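Asks: One structure coming up, written as C-alpha cells, with questions to follow.
Please treat every number below as a calculation from the coordinates, not as lab data. Every value quoted in this text rests on a predicted model; they were computed, and no experiment measured them. Note: ideal-geometry Cβ built from the backbone for every residue, glycine included; neighbour counts use all protein chains shown.
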Protein chains: 2
Amino acid sequence: MTSQAALDKFYTVIPAGGVGTRLWPLSRASAPKFLHDLTGAGTTLIRGTYERLAPLTGSRVMVVTGESHREAVRAQIPELNTEDLVLESEPKDSGAAIGLAAAILHRRDPEIIMGSFAADQVIAPVDVFQQAVREAVAAAATGKIVTIGITPTHASTGFGYIRRGAALQLEGAPIQDAPHAHEVVEFVEKPSQELAEQYVASADYLWNAGMFVAPVALLLEHLARAEPELHAGLTEIAAAWGTEQQAEVTARVWPQLPKIAIDYAVAEPAAAAGDVAVIPGTFTWDDVGDFAAIARLNPAREQESMTVLGEKARVYSDQSSGVVVSDTQRLVALIGVENIVVVDTPDALLVTTTDHAQSVKQAVEALKAHGESDVL
Amino acid sequence: MTSQAALDKFYTVIPAGGVGTRLWPLSRASAPKFLHDLTGAGTTLIRGTYERLAPLTGSRVMVVTGESHREAVRAQIPELNTEDLVLESEPKDSGAAIGLAAAILHRRDPEIIMGSFAADQVIAPVDVFQQAVREAVAAAATGKIVTIGITPTHASTGFGYIRRGAALQLEGAPIQDAPHAHEVVEFVEKPSQELAEQYVASADYLWNAGMFVAPVALLLEHLARAEPELHAGLTEIAAAWGTEQQAEVTARVWPQLPKIAIDYAVAEPAAAAGDVAVIPGTFTWDDVGDFAAIARLNPAREQESMTVLGEKARVYSDQSSGVVVSDTQRLVALIGVENIVVVDTPDALLVTTTDHAQSVKQAVEALKAHGESDVL
C-alpha cells in the first residue's frame, strides 16, 4: 500500500473521557479537562486535538465521549458528522471506548487504519507531530499496531514507558515512509526514580502517551484474543449501530462490558506477540496532568511572575509567583505567596502550591467522601 | 463629686469610622470593619462595643458615623436614641468626629463626662475593662482628660505609647475611686523596635488605645486652644444641631473643617499642659488591625490548624494552616499552604499569608490607583 493509499484509509478517533480530577475545581464531571482552554491558546484542548489531526484525515474524525457532553462536543467540533459522535451511556474505560470505535469503523470498511489520540493533550510543533503520525500510518499499513512514543526530556516517574527494539523492516528493508519505526519489545509501568533514570540514559525507552495507530481489523483481532467478552459485546453493539436496534442493544450490552484500559486489552498482549511498533515523537508533549503543568505550559511574562488563565481574569499580584486560573470575574489579589496555585470558580475555590498540585486528586476524593459532590 | 455622681454624668461616644483597609476585601467602604463579626462571637464589633459600655451608661450612648452607615448602625444598635446618632456627610478624622460629639453634649449639659471608645476593638474580660472605665470617670471628674492605656504584652512597633508619671493625687492624696490613675508625661509615636523594647522594660509606658474619658468642657477648652478654627466650626454646628438650621449649617461648615486626629487636636497639647491622666488597662485588647489578628483572636481548635470565620463557610484543609474568612457559600479547598490567609467575598478574593497581613493596605491603594474601586 502506498503512503497516500494508507492515509486515505486513515481515520482519527478522539476518546474524550476522564474528568481530570487533579485539575479540580476547573475540571469536573460537568466540564471535564478537554472542554477547557488550559494553554491560553484560545481554544479548548479537544478543539486543539481536532485541528491537529483534521489536516491528515479531513472529515474522517470520530469522537467517543459521555452522553452528557454531546452538546459541548458538537459546539467545539461543529464539523463532526452525526454518525461520528459516539456517546457512552456510562464510562467503561479506554478498552471499550476505543474498541467500540474500531468495531463501528470495521463494519464501515475493514481496511480502515484508525489513530486514537486523547482529547486532552498539548502538543507542539504541530508539523512535527503530523509527520510522526504519517510515519505511524505508513508503519501500520504494513500490519502493525503503531504507537507514537515521546522522546523523554527527563526521568519522569509519572508516565509509563515503551521499550523499543530493532528498526522495523519490511522484506529486509526499512519501511520507506516510516524510516524511524522500531519494534516494541514491551510496555513498562510507571517506574521508580532509579529505573526512570536508567530508562532515560539507555535511549531505548520512550514515554507512553497513549497514541495508537492500527488497522482496525488487527486491533479487533488482538482484542478478541485478550478480551473475548469485551470483543463480543462491542461487536454486537457495532452491528446494531445506526439501526433501529441501537438503543435497545446498547442499553442491554454496554453496562455489562468489562472495564479495562486499552493498554491491557490490546497494546501489551499485541507487543508480546511482536505486533507493535513505535515511532519516536520528538515534539513537546504534555498531558496537562495538574496545575503545575499549567504553570509550565503558560510561562509568565518576563516582568511578572504570575501565570494567569481566564478570559475575564482580574489579578493583582505583589511579591507572588505561581498560577491563577479564573473562571469568574472576581478580582483576585495575591500578596507574598510563592508558587501559589489559585483556581477560582463560581462555586469552589482551590488554593494550593505547584508542589502540591498532585494532591488535588486526594482532596477531590475526600470531598466526595464528605458529600460535597455538588462542586465535583 | 462622688463616684456615682460622676457616673451619672457619664456619656459613651462611639466614633465608628475607618474602613479597616488592612481587612480588605472583607472590610470596605460599604461594609467597614466595625460592621463585621471578626471574633466569631456572633456579634459585630460595634455591637460588642455598645454592650461593653451600656451597663455603665445605660441609654446615654452616642454614635458618630458616616451617613451611608445610618441604617446599618440602627440595625446593630436599635436601642440608640435618634438624637444620639450623629452622621457625618464626609469623613473628617477623629478630631472633628469626637469634637462634634463633645460640642453637642456640652450644649445639652456642660457637666457631661464623655468617654470615647472606637467601634472596632476587641476587649476581654469585660468586667476588668468596665472597672478601668469607672476609674477613668472618677479621675476625669477631678478635672482631667483621662486615657486608658493598655499594659503592653510585647514590644509592639505598631502602636503609639503613653508615658506615665507620678500617681495622680487630689489635695495630696490618691483619688479614692481611681487608685491606679497616673499623670501622663507625654504621648509618643510608634517607636522603633529598639525603643519599643526599652519602653516595655521600663514599665512606665502603656499602649495608646485611643480611649479618652473627659469632661466635655475641658476637652472643648483644649480643642479651642489648639485648633480654634475646628472648635469654632464645631460650636456653630452644635448650636444648630436639632434645629431647622442643622442641614444648612452642617452642609456649609463641615466640609471646611480641618482634618486632624484627636491625638494632635487635644490629647498631646493637654498632656503638655499637665491635664492628662492614665488608667492602666490590664484587660486584653486588640484593634483587629489585620488578618493576622483574626487568626490570633480566633485560635484554631486543637485538632485543626485552620481558623475559619464565616457563617456559611465550607472549608476543606489538608497540610495547611492559617485563616479563612468566608463571606460566600463557596467551598474553599486548601492543600499544602502554611500560615495562609484566604478571604473569600462575592466580588473579590484575597490570598496572602499572616506574615504579609500588613501589606494588604498597599494592595488596596494599588487597586485604587488601577481604577478597581468597584471592589474597594
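Asks: Return the equivalent ellipsoid semi-axes of chain A as a descending list in whole Å, where each equals the square root of 5 times an eigenvalue of the C-alpha gyration tensor.
Replies: Values for chain A, descending: 35, 26, 19 Å.
Asks: Please report the antiparallel percentage of DSSP beta bridges with both residues in chain B, rounded to the nearest 5.
Replies: Around 45 percent of the beta bridges assigned by DSSP in chain B are antiparallel ones.
Asks: At 7 Å along Cα-to-Cβ for each site, give me the label-to-label distance between residue A:261 and residue A:186 in nm.
Replies: 1.6 nm
Asks: Computed over the Cα atoms of segment A:57-188, what is the ratio Rg over Rh, Rh following Kirkwood? Present the calculation step by step, with values, prior to reporting the outcome.
Replies: Working: Rg = 16.8 Å, Rh = 17.0 Å.
A ratio of 0.98.
Asks: Counting only other chains, what is the mean number of Cβ atoms within 10 angstrom of the Cβ of each residue in peptide A:338-345? Intermediate values should be presented prior to the final figure.
Replies: Numbers: counts 1, 1, 5, 4, 3, 1, 4, 2.
Shielding by partners across A:338-345 averages 3.
Asks: In 10 Å bins starting at zero, report the fraction of Cα pairs in segment B:242-376 per bin as a rounded %.
Replies: 10, 25, 23, 21, 16, 5, 0
Asks: Check which residues have an amide H placed less than 5 Å from residue B:339's amide H, if you skip close sequence neighbours.
Replies: Those qualifying (amide H under 5 Å, at least 5 residues apart or on another chain) are B:321, B:322.
Asks: In nm, to one decimal, how far is the residue B:253 label point from the residue B:126 one, both placed 7 Å along Cα→Cβ?
Replies: Taking the two extended label points, one gets 3.7 nm.
Asks: Continuing with the same structure: Nearest-5 percent of antiparallel DSSP beta bridges in the protein assembly as shown? Working shown, then result.
Replies: On the way: 58 of 132 bridges.
Given both bridge residues lie in the protein assembly as shown, the antiparallel proportion sits at roughly 45 percent.
Asks: Still on this structure, please answer the following. Let's test the formula: R0 of 22 Å, r as the Cβ-Cβ distance of residue A:151 and residue A:176. What FRET efficiency results, to the nearest 0.05?
Replies: 0.45
Asks: Let me ask another. Let me confirm one metric for peptide A:317-328, namely the mean number of other chain beta-carbon atoms within 10 Å of its residues' beta-carbons.
Replies: On the way: counts 2, 7, 4, 3, 0, 1, 0, 2, 0, 1, 0, 4.
Taking all residues of A:317-328 together, the mean is 2.
Asks: I've got another one for you. State which stretch of chain B is the longest one without any exposed GluC sites (Glu not before Pro), exposure meaning a DSSP loop state and at most 16 other Cβ atoms within 10 Å.
Replies: With a cap of 16 other Cβ atoms within 10 Å, the longest stretch comes to B:1-78.
Asks: Continuing with this model, one more query. Between residue B:107 and residue A:311, what FRET efficiency comes out of the Förster formula 1/(1 + (r/R0)^6) with R0 = 41 Å and r the beta carbon distance, rounded to 0.05?
Replies: For R0 = 41 Å, the calculated efficiency reads 0.10.
Asks: State the dimensionless ratio Rg/Rh of the protein assembly as shown (Rg: radius of gyration of Cα atoms; Rh: Kirkwood radius). Intermediate results must be reported in sequence, preceding the final value.
Replies: Numbers: Rg = 36.7 Å, Rh = 30.9 Å.
Reported Rg/Rh (Cα atoms, Kirkwood Rh): 1.19.
Asks: How much mean residue ellipticity at 222 nm does chain A get from its helices, if each DSSP H run of length 4 or more adds -39500 (n - 2.57) and you divide by all residues, to the nearest 500 deg cm²/dmol?
Replies: -9500 deg cm²/dmol
Asks: Report the label-to-label distance for residue A:284 and residue A:8 in nanometres (one decimal), using points 7 Å from each Cα along the Cα→Cβ vector.
Replies: For the pair residue A:284/residue A:8, the computed spacing is 3.9 nm.
Asks: Would you mind checking the pairs B:33/B:312; B:9/B:33; B:312/B:368 and listing those with alpha carbons more than 22 angstrom apart? Show your work: numbers first, answer last.
Replies: On the way: B:33/B:312 19 Å; B:9/B:33 30 Å; B:312/B:368 29 Å.
In this structure, B:9/B:33; B:312/B:368 lie more than 22 Å apart at Cα.
Asks: Loop only by DSSP, 16 or fewer other Cβ within 10 Å of the Cβ. Give me the trypsin sites (Lys or Arg not before Pro) in segment A:290-376 that pass, ordered by residue number.
Replies: Values: sites: A:296, A:301, A:312, A:314, A:330, A:361, A:368; in loops: A:301, A:312, A:330.
Those that pass, being in a loop and sparsely packed, are A:301, A:312.
Asks: Here's something else I'd like to know. Using the Cα centre as the reference, give the magnitude of the dipole from point charges on the C-beta atoms of the protein assembly as shown (Lys, Arg: +1; Asp, Glu: -1; all else neutral), rounded to the nearest 20 debye.
Replies: Around 380 debye, computed over the protein assembly as shown.
Asks: Okay, next question. How large, in Å, is segment A:1-68 by the Kirkwood hydrodynamic radius built from its alpha-carbon pairs?
Replies: Roughly 13.4 Å, rounded to one decimal.
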